[in-house]
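Q: Structure in structure tokens, see below.
The values are calculated or read from the model by the stated rules, or taken from the named source; none is laboratory data. Remember, predicted model here, so these are calculated numbers, not experimental data. Note: ideal-geometry Cβ built from the backbone for every residue, glycine included; neighbour counts use all protein chains shown. With ligands, DNA and RNA removed, areas are computed over all heavy atoms of the protein, side chains included. Shrake-Rupley method; radii C 1.70, N 1.55, O 1.52, S 1.80 Å.
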Amino acid sequence: MTDMNIKQAVDKSGLRHIAFIMDGNGRWAQKRGLPRTHGHKEGVKTFERIAEYCSEIGIEVVTVYAFSTENWKRPKAEVDALMKLVERYLDEFAQTVDKYQVELHIIGDTSVLSPALQQKIDRAEQLSKGKPCKLCVALNYGGRDELVHAYNALLKQGKSQITAQDISAHLYTANIPDPDLIVRTGGEMRLSNFLLWQAAYSEFYSTPTLWPDMKPADVDLAIEAFCKRSRRFGGV
Ligand code: IPE
Ligand code: IPE
Ligand code: MG
């Protein structure tokens, strides 16, 4: 599709929020005989390119799954490398914030991250406040952890009964619309604990393309598939 056509398709389809499960960095590197961390480095570049493309074509909210609550099980060297990449990205984001139209949100339990990383998160979020589009990075994020966190916050308020709205309002994604489309690269057909509550009526799209190979044209393919879906939300 041409840029104009894809913009029109986004507009017409009501596609406001795309969430990406950025999977396949390790396999991308292994295929080339490189260490897995090299795949993550390449993955950051892809993330920057794809996030920029999405805002160019009129997507209001982009969410990416960067590190799950289960990813701590990986070798320490890989976890450390991933955290370093996040730090570096946040520094770069803060330095170039004026160039972009996105408000950054880190979703997940950031309380266990290093104080230096937490500071960089706060700074990047503050600097980008009020920008028209949203970029949410799921970091130490788990859908179950998020729900437990929300229920505990509600219990603390002394609630004896809670509504679906109460839960939504206490998630890390409070005030962010649910994803319309969840794209998983790397070929797996699972959510891996991503946006469990918010995904209730999201369209799911899986592509065998490994995340570092993901191009704007692959995003177009996902959007084209989304446009052909019939979203009924339980109706007829
Ligand atoms: C996704 O790529 C990135 C993170 C989970 C941080 P993987 O590292 O899971 O790559 P594969 O699935 O092993 O290829
Ligand atoms: C999901 O990928 C998490 C991220 C992309 C950050 P994983 O590679 O951790 O998921 P599984 O282990 O294949 O389910
Ligand atoms: Mg993986």
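Q: Taking every pair of Cα atoms in segment 74-137, average 1/r, invert it to obtain the Kirkwood radius, and report Rg/Rh to two decimals.
A: 0.99
Q: Could you tell me what % of all Cα pairs in segment 4-130 have separations over 22 Å?
A: Everything past 22 Å amounts to 42 percent.
Q: Can you give the FRET efficiency to the nearest 0.05 for Trp72 and Glu224, using r as the Cβ-Cβ distance and R₀ = 30 Å?
A: 0.25
Q: I need the Debye-formula profile for the chain: one equal scatterer per C-alpha, no solvent, reported as log10 I(q)/I(0) at q = 0.09, 0.13, 0.14 1/Å, two decimals.
A: -0.38, -0.81, -0.95
Q: Applying the Karplus parametrisation 6.51 cos²θ - 1.76 cosθ + 1.60 with θ = phi - 60° to the phi angles of segment 184-198, what ³J(HN,Hα) value in whole Hz is obtained for each residue in order, glycine and proline being reported as x?
A: 3J(HN,Hα) across segment 184-198, in whole Hz: 10, 8, x, x, 6, 10, 9, 8, 6, 6, 9, 6, 4, 6, 6.
Q: Sticking with this one: Show the residues, 5+ positions off or on another chain, whose built amide H is closer than 5 Å to the amide H of Thr69.
A: Tyr141, Gly142
Q: Return the sequence-ordered ³J(HN,Hα) values of segment 53-69 in whole Hz as given by the Karplus equation 6.51 cos²θ - 1.76 cosθ + 1.60 applied to θ = phi - 60°, using x for Gly and Pro.
A: For segment 53-69, the Karplus-derived couplings read 4, 4, 6, 4, 9, x, 7, 7, 10, 10, 10, 10, 8, 9, 7, 8, 5 Hz, x marking Gly and Pro.
Q: On a full-extension model of 0.36 nm per residue, what is the gain between Leu34 and Asn5, subtracting their alpha-carbon distance, rounded to one decimal in nm?
A: Net length gain for the segment: 6.6 nm.
Q: Sort His170, His149 by heavy-atom solvent-accessible area, probe 1.4 angstrom, most to least.
A: My answer, sorted largest first, is His149, His170.
Q: Between Cys136 and residues 5 or more places away or on another chain, which pairs have amide H atoms under 5 Å apart, with H built 1.01 Å from N, and which residues are they?
A: For Cys136, the qualifying residues are Val62, Thr63, Val64, His105.
Q: If you don't mind, there's one more thing I want to ask. Please list, by residue number, everything in segment 133-164 whose backbone N is under 17 Å from a paramagnetic label point 7 Å out along Cα→Cβ of Ser111.
A: Once the point is set 7 Å along Cα→Cβ of Ser111, 139-158 turn out to lie under 17 Å by backbone N, inside segment 133-164.
Q: Sorted by accessible area with a 1.4 angstrom probe, largest first, how do Glu48, Glu146 fall?
A: Per-residue accessible area, sorted high to low, gives Glu48, Glu146.
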